[in-house]
Amino acid sequence: MPIEKSLDRKLAAIHADPSGCKEFIIADAKDADMGFSIGAPGKSPERHDGEVRFKTLAQYRQQIREVIDQGVVDIVLMSASTSEILTIQERRFDNTHITPAARANDATDVHIHRGGRIHTTPARPFRTASLDHMQCGHLDCEPEERKLGVDLGLYSTTFNNQLELDIDVLNQFKEFREECERKSFRYFLEIFDPNVPDAVAPDQLPGFINDVIARSLAGVTSAGRPTFLKMVYHGPRAMEELVRFDPHLIVGILGGGAGTTLDAFLLIHEAQKYGARVALYGRKINNAEHQLAFIQMLRYITDGVIEPREAVRAYHGVLQELKITPQRSLEDDLKLQTNVMSYGGSGTVISLPTPTTEKVDSAAQMPEAGRPNFAKMSASERLGYHQERLKRLFGDK
């Protein structure tokens with residue numbers, strides 16, 4: 001009997017109780033080879049001083065296998081070529097609750113080449129992979145073959161507030177939706193901020209993006225609507241506005257640039273607090289010193305068992321236990337940096353709050369069987385508890 005996918009269970013729960021449901025969906029976006037090419041797997045530790053050497057595609061795919069085996073995320077997003085190997089050939093997702101997904105299009109603003117400039121010009125629609133290739137690995141799938149591969153894809157759009165360009169984006173999106181409906185394929189919709197300067201006044205950008213979403217989907221019936229959204233987090237007001245407008249339009253945030261560990265942990269915490277129900281982290285996971293420990297901390301945060309700053313300290317405790325040299329000192333990793341939310345590094349700048357104190361999450365105050373009462377613990381006691389738990393998970397690896 002097939003294992004129920006946690007994505008399907010969580011989506012059903014959210015739709016059944018949009019305002020009260022606490023379920024949160026985490027995706028590891030391992031589709032960076034569709035944007036950064038050879039640099040997608042990240043820097044290799046085996047390099048000489050001053051030399052930039054990257055991990056191989058095989059190493060990148062092995063990292064994905066480890067994430068699948070860990071079983072913490074709900075979705076793994078891949079390129080069609082990686083999905084063919086892991087989903088179709090190796091059947092890696094068959095006996096796991098994790099849903100495989102593939103990037104269904106790759107508009108020009110994710111074409112990041114060394115020395116390239118394409119990503120700095122107004123985005124134009126483009127698709128490398130076909131739905132058939134994602135579903136069965138070749139063109140013209142037979143009906144029974146369509147279940148071999150993925151049934152979920154990411155479709156990205158970029159609106160630059162220019163008539164001809166934006167109409168082209170909408171027309172291509174329409175064609176894609178119709179193909180999805182004919183081939184029983186689900187998608188989630190990514191809405192990038194404009195990739196050219198001065199497309200929209202900065203103070204109007206959050207409202208512009210929210211209106212673009214509402215307008216683009218107003219004429220789309222349930223059969224063609226996205227499973228959820230992926231977008232830049234523009235702060236509490238914009239998030240609450242979009243969630244309030246349509247509680248059944250499940251909003252997810254993208255992670256953007258790597259930043260500090262606190263950037264990553266506080267971003268997911270704040271977005272969830274104001275209504276986001278999904279987070280898709282790519283570079284923030286891929287650039288982590290220990291990806292599995294980083295992912296585990298994301299889950300602890302969204303489950304309400306640990307606060308972001310405590311999570312940073314606990315994560316550093318794991319690195320110390322594993323004798324992994326952190327990229328930054330703990331002091332520096334507890335600082336917030338400006339996050340640039342784009343593939344090319346020239347996108348929207350957002351700021352996250354910098355509270356001086358943290359409250360114990362309400363979920364953590366509820367004593368459960370076998371679980372300590374965090375409300376009665378000091379900050380140092382909570383930190384020690386989480387560090388020991390993570391050591392048990394990763395200390396023998």
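Only the coordinates and a few stated rules stand behind these numbers; no lab work does. If you're wondering where the values come from, they're calculated on a predicted model, not measured in any experiment. All Cβ positions, glycine included, derive from the backbone under ideal geometry; neighbour counts span all protein chains shown.
Looking only at the range 83-116, which residues have a backbone nitrogen under 12 Å from a spot 7 Å from the Cα of Glu179 in the C-beta direction?
104-106
Residue by residue through the range 291-297, what is 3J(HN,Hα) from phi via Karplus (6.51 cos²θ - 1.76 cosθ + 1.60, θ = phi - 60°)? Round to whole Hz and write x for glycine and proline.
Taking θ as phi minus 60°, the curve returns 4, 5, 5, 4, 4, 4, 5 Hz for the range 291-297.
Using Cβ counts within 10 Å as a stand-in for footprinting exposure, how do Asp151, Asp193, Asp140, Asp332 rank, fewest first?
Fewest to most other Cβ atoms nearby, the residues stand as Asp140, Asp332, Asp151, Asp193.
Mind listing the phi-derived Karplus ³J(HN,Hα) values for the range 158-172, rounded to whole Hz, using 6.51, -1.76 and 1.60 with θ = phi - 60°, and x for any glycine or proline?
Going residue by residue, I get 9, 9, 10, 6, 10, 3, 5, 5, 6, 5, 4, 4, 5, 5, 5 Hz, with x marking Gly and Pro.
With a cut-off of 8 Å between alpha carbons and a minimum separation of six or more residues, what is the relative contact order of the range 6-303 in percent?
Contact order relative to length: 17 percent.
Simple spin-label model, 7 Å along Cα-to-Cβ: Asn161 to Gln89 in nm?
Taking the two extended label points, one gets 4.6 nm.
Whose amide H sits under 5 Å from the amide H of Thr121, counting only residues 5 or more places off or on another chain, with H placed in the peptide plane?
Here nothing satisfies the definition.
List, in order, the whole-Hz ³J(HN,Hα) value for each residue of the range 133-146 obtained from phi through the Karplus relation with A = 6.51, B = -1.76, C = 1.60 and θ = phi - 60°; use x for Gly and Pro.
Calculated HN-Hα couplings, in order: 5, 6, 7, 9, x, 8, 6, 6, 4, 6, x, 6, 7, 5 Hz.
In Å, the Kirkwood hydrodynamic radius of the range 6-303 over pairs of distinct alpha carbons?
By the Kirkwood definition, the hydrodynamic radius is 19.7 Å.
Please give, to one decimal in nm, the separation of the simple spin-label points placed at Thr96 and Asn287, each 7 Å out from Cα toward the Cβ.
The two pseudo-label positions are separated by 2.4 nm.
Would you pull out the residues with amide H under 5 Å of Ile25's amide H, same chain only if 5 or more places away, H placed 1.01 Å from N?
Excluding prolines and chain starts, which carry no amide H, the hits are Val278, Ala279.
Rounded to the nearest 0.05, what FRET efficiency do Glu144 and Ser81 give with R0 = 25 Å and r taken as the Cβ-Cβ distance? Could you check?
Computed FRET efficiency for Glu144 and Ser81: 0.65.
5 Å is the cut-off here: which amide hydrogens, built 1.01 Å from N in the peptide plane, fall below it relative to Ala102, excluding neighbours closer than 5 in sequence?
Result for Ala102 returns Met78, Leu152, Gly153, Leu154.
Considering every Cα-Cα pair within the range 11-147, what fraction, in whole percent, is farther apart than 18 Å?
Considering the range 11-147, 65 percent of its Cα-Cα pairs are separated by more than 18 Å.
Find how much the distance from Ser222 to Arg237 grows on full extension, using 0.36 nm per residue of separation minus their present alpha carbon separation; answer in nm with one decimal.
Between Ser222 and Arg237, full extension yields an extra 2.7 nm.
Local charge sum around Arg277 (other residues, Cβ-Cβ under 15 Å, Lys/Arg +1, Asp/Glu -1)?
-1
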